[in-house]
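Beneath this line is the structure, given in structure tokens, with notes to follow.
The values are calculated or read from the model by the stated rules, or taken from the named source; none is laboratory data. Here the structure is a predicted model, which is why all the values come from computation and not from measurement. Every residue, glycine among them, receives a Cβ derived from its backbone with ideal geometry; neighbour counts consider all protein chains shown. SASA here: full protein model, heavy atoms, side chains in, ligands and nucleic acids out. Shrake-Rupley method; radii C 1.70, N 1.55, O 1.52, S 1.80 Å.
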Amino acid sequence: SHITGIAPSRWLAEMTAQSPLWYGKKICHLGNALDTKIFAPEDTQKSRRVWGLPDDKPIILFGATVTTIRYKCFSLLVEALNYLKRQGVDAHLAVFGENPSDMDLQFPATNVGYVHDPVELAALYSAADVFVAPSMQDNLPTTVLEASACGVPSVAFAIGGIPDIILQNESGYLAQPFDIKELAYGIRLVLDNPKIRRTWGNRARTHILDNYESRMVAKQHIALYQQVLQRN
């Protein structure tokens, strides 16, 4: 069959190209689209009041459709948080998603459950100082796209398609897989440096606008469809 494939990350495009099942077929890298009008920076203090989060502590945010999915590795974030606590870091964790973990965090936390409304979700991102995605496997996680669009720097392991979204030391921090101490270092780097947090947050937003804005991505798909139709 004359199949043209679309992969939303460079990692998946490269993996597909290596497959013998895809020999002689075309694979294109086109990122997932995001509504950057909904997912946009909001006032941090106002967003914290909306969600009942403390306004006198840094907020670390974690979220997933289902937080207990093994490859999302909430447990690795817990280890990093415990490491930060031993270092004297005073912060508050916010978690969103279905089936939230009932692990004993030994860390101040607020669990808001699944957030259905994207407007409310954007406000939750805006309430955070840093978003953490400790996944061991991931293609192009929507949560990192959304957090970045809201001007929030992200910290994650350098796996899968995440390096497409997080620009190392420009819009966030990529830790070596699966180094808990380095993950904790990235989180603390953002929390302890307001200037870095603002600079990385602005760069994260710009990167999303340049590469994942919905109208732009739609035009890229239309152009690809036209190429395929003309070729056939």
Return a single number: how many Lys pairs in the chain, at a sequence separation of 8 or more or on separate chains, have alpha-carbon atoms below 26 angstrom apart.
16
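At most 16 other Cβ atoms within 10 Å and a DSSP loop assignment: could you name the chymotrypsin sites (Phe, Trp or Tyr not before Pro) in region 5-110 that fit?
Within region 5-110, the qualifying chymotrypsin sites (Phe, Trp or Tyr not before Pro) (loop, at most 16 other Cβ atoms within 10 Å) are Y23.
Can you give me the convex hull volume of the Cα atoms of region 95-166, divided per residue and expressed in Å³?
104 Å³
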Computed log₁₀ I(q)/I(0) - Debye formula, equal Cα scatterers, no solvent, region 85-232, q 0.10, 0.11, 0.17 Å⁻¹
-0.39, -0.47, -1.02
Tally up the carbon and sulfur contribution to the accessible surface of region 1-138 as a whole percent, 1.4 Å probe, everything protein left in place.
51 percent
Computed [θ] at 222 nm, deg cm²/dmol, the chain (DSSP H ≥ 4; -39,500 (n - 2.57); rounded to nearest 500)
-13000 deg cm²/dmol
Would you mind classifying region 149-232 by shape? Square roots of the alpha carbon gyration tensor eigenvalues, ordered a ≥ b ≥ c; an a/c under 1.5 is rounded, otherwise it is prolate if a/b is larger than b/c and oblate if not.
oblate
For region 1-159, the fraction of alpha-carbon pairs in successive 10 Å shells from zero, as %
10, 36, 31, 15, 7, 2
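For V50 and R215 in one chain, what is 0.36 nm times their gap in residues minus the Cα-Cα distance, to one decimal in nm?
Gain on stretching V50 to R215: 56.4 nm.
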Suppose all protein chains stay in the model; what accessible area per residue would a 1.4 Å probe give for region 47-87, in Å²?
50 Å²
Relative packing of peptides 25-35, 204-214, 122-132 - highest average C-beta neighbours within 10 Å first:
122-132, 204-214, 25-35
What residues have an amide H closer than 5 Å to that of T67, excluding those fewer than 5 places away on the same chain, when H is modeled at 1.01 Å from N in the peptide plane?
E98
Could you work out how far the C-alpha centroid of region 43-63 sits from that of region 88-152, in angstrom?
11 Å
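What translational D, rounded to a whole number of µm²/s, comes out for region 125-171 from Stokes-Einstein when the hydrodynamic radius is the Kirkwood one over Cα pairs, at 20 °C and 1.002 mPa s? Each step should come with its number before you reach the end.
On the way: Rh = 10.5 Å.
The diffusion coefficient I find is 204 µm²/s.
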V66 and R231 label points (each 7 Å along its Cα→Cβ direction) are spaced in nm at 3.6 nm
